[in-house]
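Since the structure comes first, as structure tokens, the remarks are kept for the end.
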Amino acid sequence: MAKRAVELYDEDYHAWAMDQAEALRRLAEQRWNGPLDLEHLAEEVEDLGKTERNTVLSQVERIIEHALKLEHAASQEPRRGWILSILEARRELRRHLTPTLRRLVEEQLAALYAGERSHTARALRLHDEPEAASALPNECPYTLGQLLDEDWFPTNRHGLSEPI
């Protein structure tokens, strides 16, 4: 068990945190009489895992938002900023995306897209791009592989070239 925990910590931090929180709760249920506040420790360790999860989900949402803008916005600027944002989000994902969290993102990609589609449509309308907002597809047009691919960016529907 100890070796597995060490390996899991290195390979999949989110899964390790959830595993450790559950182990602490089991120990608390057994009424272990040590000096540790097991229930609060379990909550704190679980929160560490949730923070990793939220970081990953947030970065995927960021990539979706800026990919939609790159694909559908008619304006040339701030295209460079959107590309830089995608590159930064992908860098963060390289640090935080574990096998467990990748599966979670794959399972939730449609829901993440739906939320970002709504957010991006509002943002495009605020920037006087109602046609772009209306053109956003209802279903996610991107695969997780595309969103994570360092070299992939969507093609702009207005023929604007990419600045990189």
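Checking each residue of region 116-127 against the condition of being loosely packed, with under 14 Cβ neighbours inside 10 Å and hydroxyl-bearing (S, T, Y) gives at least one match.
Residues checked against (1) assigned to a helix (DSSP H, G or I); (2) closer than 16 Å to T143 by Cα; (3) of a type in the set (K, R):
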site: L41; (1), (2), (3): yes, no, no
site: G49; (1), (2), (3): yes, no, no
site: L57; (1), (2), (3): yes, yes, no
site: V60; (1), (2), (3): yes, yes, no
site: S75; (1), (2), (3): no, no, no
site: R91; (1), (2), (3): yes, no, yes
site: R95; (1), (2), (3): yes, no, yes
site: E106; (1), (2), (3): yes, yes, no
site: L109; (1), (2), (3): yes, yes, no
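For S161, the criteria (1) free of Cβ contacts under 8 Å to residues at least 12 places away in the same chain; (2) hydroxyl-bearing (S, T, Y); (3) not in a loop (DSSP other than H, G, I, E, B) hold in every case but one, which is (3). Determine whether A110 is within 12 Å of H72 (Cα to Cα) and not acidic (D, E). Spelling it out, it is not the case that A110 is within 12 Å of H72 (Cα to Cα) and not acidic (D, E).
Looking across R79, R103, R94, one residue alone is among the basic types (K, R), modelled with pLDDT under 95 and farther than 13 Å from S58 by Cα. It is R79.
Scanning region 111-138 for residues that are over 23 Å from L93 (Cβ atoms), in contact (Cβ under 8 Å) with a residue 40 or more places away in the chain and assigned to a loop (DSSP other than H, G, I, E, B) yields a total of 2.
Look at (1) out of contact with any Leu (no Cβ under 9 Å at 6 or more places or on another chain); (2) not in a helix (DSSP H, G or I) and you find that W32 fails only one, number (1). A Cβ distance below 8 Å, combined with a sequence gap of six or more or placement on separate chains, defines the contacts here; from region 15-28, residues that are under 20 Å from L97 (Cα atoms) reach residues that are of a type outside the set (A, V, I, L, M) and not in a helix (DSSP H, G or I) in the pairs A15/T98.
Contact annotation: residue pairs with Cβ atoms under 8 Å, 6 or more positions apart or on different chains, pairing a residue in region 139-153 that is more than 12 Å from Y113 (Cβ to Cβ) and touching a residue at least 40 places away in the same chain (Cβ under 8 Å) with a partner that is among the charged types (D, E, K, R) and part of a helix (DSSP H, G or I), are L148/R90; E150/R90.
Quick check on region 38-46. Is at least one of its residues out of contact with any strand residue (DSSP E or B) (no Cβ under 7 Å at 6 or more places or on another chain), without any contact (Cβ under 8 Å) to a residue 12 or more places away in the chain and farther than 30 Å from L27 by Cβ? No, region 38-46 has no match at all. For region 144-159, residues that are at pLDDT 95 or above and in contact with an Asp or Glu (Cβ under 9 Å, 6 or more places away or on another chain) total 3.
Checking each residue of region 57-78 against the condition of being exposed (fewer than 13 other Cβ atoms within 10 Å of the Cβ) and either among the basic types (K, R) or under 26 Å from V105 (Cβ atoms) (or both) gives no match. None of A135, A110 is aliphatic (A, V, I, L, M), in contact with a helix residue (DSSP H, G or I) (Cβ under 6 Å, 6 or more places away or on another chain), farther than 19 Å from H14 by Cβ and surrounded by fewer than 17 Cβ atoms within 10 Å (Cβ to Cβ) except A135.
The values are calculated or read from the model by the stated rules, or taken from the named source; none is laboratory data. Just so you know, these numbers come straight off a predicted model, no measurement behind them. Backbone-built Cβ (ideal geometry, glycine too); neighbour counts: all protein chains shown.
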